[in-house]
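S.K.: Okay, here's the structure, questions in a sec.
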Amino acid sequence: MSIAIRNRGRKTNSKPPKAKREESVKEAPLEVFGSIKQVFPSTTFSVELDNGHVVLAHIAGRLRRHRIKILPGDRVEVEISPYDLTKGRIVYRYRAGEARRNSQPPEQAR
């Protein structure tokens, strides 16, 4: 009688491990403030930034999920990629009279 050796639910390494790649460091997006100038189809907006530049921005998923309505004239916070300064993502809509929120997390008390 021959006894068969079975792999009891364990994975076998049939392929050699891949060589470790250098992890690329993502650059943080630029957070800027602006106001909605024009509305385009598929939740895309023309946003005039505080510095005078105009960018094309879409709504972030969190705003879509909570069905936040954005209209022309609204003040918004936009994240812009450092690689393409003409496009951005709207991450926050300010209510009328609302002060700008602090974008940095509060320091922990010691």
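The values are calculated or read from the model by the stated rules, or taken from the named source; none is laboratory data. None of these values were measured; they are calculated from a predicted model. In this analysis, Cβ positions are derived from the backbone assuming ideal geometry, glycine residues included, and neighbour counts consider all displayed protein chains.
S.K.: Please determine whether any residue of segment 65-81 is assigned to a strand (DSSP E or B), among the acidic types (D, E) and modelled with pLDDT of 80 or more.
M.R.: Of the residues in segment 65-81, the ones assigned to a strand (DSSP E or B) are 75-80.
Subset that is among the acidic types (D, E): 77, 79.
Then drop every residue that is not modelled with pLDDT of 80 or more, which leaves 77, 79.
Yes, that holds for at least one residue.
S.K.: What residue, of R101, R110, R89, is over 22 Å from P29 (Cα atoms) and either modelled with pLDDT of 95 or more or among the basic types (K, R) (or both)?
M.R.: Sole residue among the options that is over 22 Å from P29 (Cα atoms) and either modelled with pLDDT of 95 or more or among the basic types (K, R) (or both): R110.
S.K.: Additional query: Does segment 24-51 hold any residues that are in a strand (DSSP E or B) and in contact with a His (Cβ under 8 Å, 6 or more places away or on another chain), and which are they? First the steps, then the outcome.
M.R.: Of segment 24-51, the ones in a strand (DSSP E or B) are 30-40, 44-49.
The answer is T44, F45.
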